[in-house]
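Below is one structure; the comments refer to it alone.
The values are calculated or read from the model by the stated rules, or taken from the named source; none is laboratory data. Computed from a predicted structure; not experimentally measured. Here the Cβ is made from the backbone with ideal geometry for all residues, glycine too, and neighbour counts use every protein chain on show.
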Amino acid sequence: MATRNTNSNKTLLFSFSLLQNPNKIIEKARNRPLLSTLSIVTLVIVLIAGYTAVYMFQMDPETKEAGSMWPEEISEPNHLVSNSDLIVLGSVEEIEKAEWDTSDGQQPKFQPYASIHHYVHLNVTEELAGEYEDLPVRVSGGTVDNTTMIAEGSPEFSENEEVLVTLTEEDDYYTVYGGYNGKFEVRDSHLIRDNVSNGNFSKEYIRTLIAEFD
């Protein structure tokens, strides 16, 4: 996850405590007339700073960054084949708009660890391993309004792209096993992973690996 400054966190927490009980500060100021004006001015400045910090934290795309969970060995095709639930060939039919990972899909308030995701729909032309159900593929990351979450390690899809993907089945959707390691672009008879070193293979090589694990 993106690194957060400790002093900024303390400022936010202090501001939240004032937001919850500003009357306590005002009451203290009334009991000390000489400091009342200074106390109220200080309260206003801190509240404004707190609101501004929260707003910037939520709206700045750079603060929404998820780390990669995939060790290097997962890029190996034999690992992907042996650990995924199914492997399919097909094309990207539709990419839905991104949404927040909340019950209503809306941006949460004061929840910095909420995430953004989107769904990808595939037109599957061949099941290489396993039985494909008509479920979308859930992918971490995306943009909602002015907030962008960058999920390091997640695959990227384009509409009408020809792909081979290694999938894991969840309750009502799939995820790509291995993140970007498990998503190949199909170019003629070759499988291409531009963001993975030594990531190019032939379809027949993958078919051979699948046959070995069947």
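Would you check which residues across the range 132-180 are farther than 25 Å from P108 by Cα, outside any loop (DSSP other than H, G, I, E, B) and not acidic (D, E) and list them?
Correct list: V163, L164, V165, T166, L167, T168, V176, G179, Y180.
Which ones in the range 114-156 are within 16 Å of I95 (Cβ to Cβ), surrounded by fewer than 17 Cβ atoms within 10 Å (Cβ to Cβ) and among the hydroxyl-bearing types (S, T, Y)?
T143
Just the residues that are within 16 Å of V81 (Cβ to Cβ), touching a residue at least 24 places away in the same chain (Cβ under 8 Å) and outside any loop (DSSP other than H, G, I, E, B), please, taken from the range 181-211.
Within the range 181-211, N181, G182, K183, L191, F201, K203, Y205, I206, R207, L209, I210 qualify.
Being of a type in the set (D, E, K, R), at pLDDT below 90 and assigned by TED's automatic domain parsing to the domain that holds L128 is true for just one of D172, D194. Which residue is that?
Working: D172 fails: at pLDDT below 90.
One residue alone meets the criteria, D194.
For the range 195-209, check the following and say yes or no: at least one residue is within 20 Å of the chain's Cα centre (by Cα) and of a type in the set (S, T, Y).
First pass over the range 195-209, keeping only residues within 20 Å of the chain's Cα centre (by Cα): 195-196.
Next, only the ones that are of a type in the set (S, T, Y) stay: none.
The answer is no, given that none of the residues of the range 195-209 is within 20 Å of the chain's Cα centre (by Cα) and of a type in the set (S, T, Y).
Go through the range 99-113 and give me each residue that's touching a residue at least 12 places away in the same chain (Cβ under 8 Å) and touching a Ser or Thr at 6+ places or on another chain (Cβ under 6 Å).
Result: D101, single match.
Sort out which residues of the range 121-131 are closer than 26 Å to E204 by Cβ and under 24 Å from the mean Cα position of the chain (by Cα), and write them in order of number.
If the condition is that a residue be closer than 26 Å to E204 by Cβ and under 24 Å from the mean Cα position of the chain (by Cα), then L122, N123 are the ones that fit.
So, in the range 78-131, how many residues would count as being part of a loop (DSSP other than H, G, I, E, B) and acidic (D, E)? Steps first, answer last, please.
Quick first cut of the range 78-131, residues part of a loop (DSSP other than H, G, I, E, B) only: 84-85, 96-98, 101-115, 130-131.
Still in the running and acidic (D, E): 85, 96, 101, 104, 131.
So the answer is 5.
Given the criterion at pLDDT below 95 and more than 22 Å from T168 (Cα to Cα), identify the matching residue among G50, G130. Reasoning before the result, please.
On the way: G130 fails: more than 22 Å from T168 (Cα to Cα).
Criteria check complete, one pass: G50.
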